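Okay, structure first, notes after.
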Amino acid sequence: MKKIYLDYASTSPVDKKVLQEMMPYLKKEFGNPSSLHGFGQRARAGIEKAREKIAKFLNCTPLEVVFTSGATEANNLAIQGVLRNLVSQCLETKFLGGRPHIITSQIEHESVLSPCQALEQEGVAEVTYVKPDKEGIVHVEDIEKAIKDNTVLVSIMYANSEIGTIQPIVEIGAVAKKHKTLFHVDAVQAAQFLDCDVKKLGVDLLTLSSHKIYGPKGAGALYIKEGVMLNPLLLGGGQEQGFRSGTENVASIVGMGRAIEEIQNPRTALLNIKIRQLRDKLIKEILRRVEGSSLSGSKQKRLPNNVHIRFQGIAGQELATVLDQKGIAVSTGSACSEKTQEPSHVLLALGISLEDAMSSLRLTLGKYTTLEEVEKTIRILVATVAQLRKNLV
Ligand code: PLP
């Protein structure tokens with residue numbers, strides 16, 4: 001039985017074209033890109049070509065793209081890097097004896113929330129976690145209200161990994177600029193679907209991850225606008241202009257470049273329309289056929305591939321497990337909260353009750369999802385919810 005994969009927000013399979021471009025760097029072009037001989041220089045050329053592709057996608061210069069091991073590292077580099085740079089330069093005095101202030105939201109990914117919390121605990125920064133509305137939208141007015149004299153950084157994700165809500169990034173960017181504070185955007189889930197032109201968005205720092213866009217795991221990138229100062233997390237050989245020491249993951253970086261290039265292919269826009277249509281069918285049919293089901297997040301401002309539904313009285317974890325046994329891979333939220341089996345911080349921030357939050361299922365579609373798979377998923381999901389409810393009585 002062919003398995004159905006509906007967990008593209010967790011990770012995506014590597015595109016064949018991406019793998020093809022990577023293969024030489026896993027075989028004959030194995031050189032260390034810091035070496036001066038031909039092997040090294042050919043590996044270096046592979047990295048620089050990938051950097052150019054990413055710079056084109058972001059509408060920035062290649063020098064403004066720094067490769068990392070993934071988005072977790074890029075988010076940490078952005079947040080810790082900016083704050084630790086301020087501290088190392090003894091600029092605290094500028095904050096009238098206080099600490100520099102960060103604004104983020106309650107529904108960010110853990111790789112943004114955890115460094116913010118760590119900086120707070122260390123006494124390096126104070127942080128405001130802005131609450132979203134019931135649909136999971138962070139309002140620009142709330143960001144502006146939170147800005148203080150000592151605010152140095154605003155970090156808001158482009159699109160939410162669990163419920164797919166799309167944030168008003170251009171508006172938030174304009175407010176950040178008006179108040180002369182840096183603006184960081186985690187664009188991991190958005191990159192496949194939304195415009196990531198850093199000039200249009202008005203961002204100073206932007207995070208990307210390769211494995212969410214049909215590239216390999218182990219590569220990510222941080223856009224650092226020219227002139228933005230940050231301290232590296234890793235010290236050593238000074239690779240990536242000193243922002244990220246360590247021998248580069250050449251094959252994965254090359255793969256990430258190819259994956260980004262593919263997003264810009266006009267074919268991708270057509271595929272995204274198909275994904276949106278399949279998503280709409282899934283949402284419509286599930287809500288129509290399953291009593292006590294409700295959609296989380298926004299109907300309009302939603303990623304084209306995200307379906308997040310709560311099923312009254314059902315344990316999301318159990319539903320996901322049974323669906324997996326029936327050949328359908330879905331998740332209950334983000335891969336991280338799935339491990340801890342705790343209610344999602346995103347759903348709680350939306351004001352959803354604890355019990356309701358535990359009854360959710362996230363189905364995320366991708367470019368290989370077919371109409372047949374969607375129809376089969378609807379059939380099996382409807383029957384499984386009915387079965388689980390019957391077991392309860
Ligand atoms: N940010 C968001 C919005 C994500 O969805 C994820 C992964 O799920 C990450 C960051 C972390 O990405 P990576 O796996 O590349 O570290």
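The set of residues in region 34-71 being buried (at least 20 other Cβ atoms within 10 Å of the Cβ), closer than 30 Å to residue 126 by Cα and within 16 Å of the ligand (Cβ to nearest atom) consists of 65, 66, 67, 68, 70, 71.
Could you tell me whether residue 173 is free of Cβ contacts under 8 Å to residues at least 12 places away in the same chain and more than 16 Å from the ligand (Cβ to nearest atom)? When the stated conditions are applied, residue 173 does not pass them. State yes or no: is residue 103 modelled with pLDDT of 95 or more and more than 16 Å from the ligand (Cβ to nearest atom)? So residue 103 passes the test.
For region 252-273, the tally of residues that are farther than 19 Å from residue 29 by Cβ, in a helix (DSSP H, G or I) and either of a type in the set (A, V, I, L, M) or in contact (Cβ under 8 Å) with a residue 40 or more places away in the chain (or both) stands at 9. Where helices (runs of 4 or more DSSP H) fall wholly inside region 4-92, the ranges with 3 or more residues that are out of contact with any helix residue (DSSP H, G or I) (no Cβ under 9 Å at 6 or more places or on another chain) and assigned by TED's automatic domain parsing to the domain that holds residue 224 are 38-58, 71-88. From the list 203, 198, the lone residue that is of a type in the set (Val, Ile, Thr), touching a Cys at 6+ places or on another chain (Cβ under 6 Å) and more than 13 Å from the ligand (Cβ to nearest atom) is 198. What tally of residues in region 128-154 results from selecting those that are in contact (Cβ under 8 Å) with a residue 60 or more places away in the chain and buried (at least 18 other Cβ atoms within 10 Å of the Cβ)? Qualifying residue count, region 128-154: 5. For region 337-393, which residues satisfy the criterion of being among the hydroxyl-bearing types (Ser, Thr, Tyr) and not in a helix (DSSP H, G or I)? 344, 353, 359, 360, 364, 368, 369, 370 - these are the residues of region 337-393 that are among the hydroxyl-bearing types (Ser, Thr, Tyr) and not in a helix (DSSP H, G or I). For first residues located in region 281-297 and assigned by TED's automatic domain parsing to the domain that holds residue 313 and under 15 Å from residue 362 (Cα atoms), partners that are of a type in the set (A, V, I, L, M, F, W, C) and assigned to a loop (DSSP other than H, G, I, E, B) and lie 6+ apart or on another chain with Cβ distances below 6 Å form the pairs 296/163; 297/163.
The values are calculated or read from the model by the stated rules, or taken from the named source; none is laboratory data. Source: prediction; values computed, not measured. Every residue, glycine as well, gets a Cβ built from its backbone with ideal geometry; the counts of neighbours run over all protein chains shown.
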